[in-house]
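Inspection log for the structure reproduced underneath, given as structure tokens.
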Amino acid sequence: LAEGTARDVRNPADHRDLVGTVVEATSEHVSAALSHAVAAAPIWQATPVDARADCLARAADLLEAQMHTLMGLIVREAGKSLPNAVAEIREAIDFLRYYSTQIREEFSNDTHRPLGPVVCISPWNFPLAIFMGQVAAALAAGNTVLAKPAEQTPLIAAQAVRILREAGVPAGAVQLLPGDGETVGAALVADHRTRAVMFTGSTEVARLINKQLSQRLDSEGRPIPLIAETGGQNAMIVDSSALAEQVVADVLQSAFDSAGQRCSALRVLCLQDDVAERTLEMLTGAMKELAIGNPDRLSADFGPVIDVEAKRGIDTHVATMREKGRKVTQMPMADSCGA
Ligand code: NAD
């Protein structure tokens, strides 16, 4: 098959830093990968449960052994802070060990019939943990996997797939299809050979996928399952009984860690009138102490947002709030946070 388009992957904290290159999948690759996934399905689903569990457990050990290399990649490709990178790897390890243990205890190939090729579509904000969590769950249950990572983080995903294969998962059982959501993602979802979709990302895309899948049934007349985890608005309500120091620490952590790019990040803070002024004063004071910078420095509390589009979204929101006459508090950026 002809190679797809090669694209540079750059560090969101410093665009001069070329992290690697990704070759994106073409529609021929998508189709060929689905054929491989169909062909590999009987072998992987007939693999004894314990052998599948062993593969996942070995992958967890490999992640642990490669902790330092993976941290470097996560920091450079996803702009995560070092503590966030560690948390990300630990979560991926947890998923692998959890599913490995679950199937050993509760699964039998006779009672738990796999679905077949499962498409896993993941976001960039947890490029290893969510990616691995979806893929591990589908593999544990005996399905073959076609993994479509986010456009921004294909290199971490490639390393995750290498680790799974090194741990013994056959190449046909886990395949990586990097590329655009609207082309590669949509083509995977639309193909009649896809028997389920696991998706984490925006509500808007989840709706599109849901609509697409609702238009067909599998060969036995059953609906195609979609497991979707999406975004939302997270609020914290603080009354006068809360310890202000603790509130401030929790607000900063929840709202700004990972540069606020978590589905669980705090978006709306409601303060009881009696304590509002004092808490806001403390909050603004604490914000001034935060260091934003390249997260490869331990001195940086927070790193960059993922790309120019994300920054534009935030700038537009800030401008809209100002236009509406709302008070906006913004910390100045260090010169090093330019390009
Ligand atoms: P997104 O929906 O744009 O992208 C997510 C994935 O879907 C990417 O891999 C993308 O390529 C793919 N995609 C895009 N269009 C597609 C299409 N038409 N068909 C198939 N695939 C397509 O989301 P995003 O903004 O990049 O990611 C952040 C979102 O993820 C936020 O809304 C966040 O709240 C959410 N999120 C939720 C959780 C959770 O557990 N609930 C966890 C992390 C992130």
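The values are calculated or read from the model by the stated rules, or taken from the named source; none is laboratory data. What you are looking at is a predicted structure, and each value in this text was computed from that prediction instead of being measured. FYI the Cβ positions are ideal-geometry reconstructions off the backbone, even for glycines, and counts take in every protein chain you see.
For region 57-115, which residues satisfy the criterion of being of a type in the set (Val, Ile, Thr), at pLDDT 95 or above and farther than 17 Å from Ala129 by Cβ?
Thr101, Ile103
Yes/no per residue for (1) surrounded by 15 or more Cβ atoms within 10 Å (Cβ to Cβ); (2) in contact with a strand residue (DSSP E or B) (Cβ under 6 Å, 6 or more places away or on another chain):
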| residue | (1), (2) |
| --- | --- |
| Asn143 | yes, yes |
| Val161 | yes, yes |
| Pro178 | yes, yes |
| Arg222 | no, no |
| Thr230 | yes, no |
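Pairs please, first residue from region 73-89 and more than 19 Å from Val308 (Cβ to Cβ), second anywhere and among the charged types (D, E, K, R) and assigned to a helix (DSSP H, G or I), Cβ atoms under 6 Å, 6+ apart in sequence or on different chains.
If the second residue must be among the charged types (D, E, K, R) and assigned to a helix (DSSP H, G or I), the pairs left are Ile74/Glu88.
Can you pull out the residues in region 171-184 that are more than 7 Å from the ligand (Cβ to nearest atom) and not in a loop (DSSP other than H, G, I, E, B)?
Val174, Gln175, Leu176, Thr183, Val184
So Ala137 ticks every box in (1) closer than 23 Å to His36 by Cβ; (2) among the small types (Gly, Ala, Ser); (3) outside any helix (DSSP H, G or I) but one. Which box is left unticked?
(3)
Being touching an Asp or Glu at 6+ places or on another chain (Cβ under 6 Å) and touching a residue at least 12 places away in the same chain (Cβ under 8 Å), is that true of even one residue in region 28-47?
Within region 28-47, one or more residues are touching an Asp or Glu at 6+ places or on another chain (Cβ under 6 Å) and touching a residue at least 12 places away in the same chain (Cβ under 8 Å).
Kindly indicate whether any position in region 88-105 is away from the ligand (no atom under 14 Å from the Cβ), of a type in the set (Val, Ile, Thr) and over 19 Å from Thr69 (Cα atoms).
Within region 88-105 (the criterion being away from the ligand (no atom under 14 Å from the Cβ), of a type in the set (Val, Ile, Thr) and over 19 Å from Thr69 (Cα atoms)), the answer is yes, since at least one residue qualifies.
Among all residue pairs at least 6 apart or on different chains, which show Cβ distances below 6 Å where the first residue, located in region 296-323, is within 13 Å of Gly79 (Cα to Cα) and the second is more than 16 Å from the ligand (Cβ to nearest atom) and in a helix (DSSP H, G or I)?
Asp296/Val75
Among the numbered criteria (1) away from the ligand (no atom under 11 Å from the Cβ); (2) closer than 30 Å to Gln66 by Cβ, which one does Glu151 miss?
(1)
Tell me, yes or no, whether region 120-129 has at least one residue that is within 14 Å of Trp44 (Cα to Cα), within 17 Å of the chain's Cα centre (by Cα) and surrounded by fewer than 24 Cβ atoms within 10 Å (Cβ to Cβ).
No, the conditions are met nowhere in region 120-129.
Only helices (runs of 4 or more DSSP H) wholly contained in region 185-280 count here; list those with 2 or more residues that are away from the ligand (no atom under 14 Å from the Cβ) and without any contact (Cβ under 8 Å) to a residue 24 or more places away in the chain.
244-256
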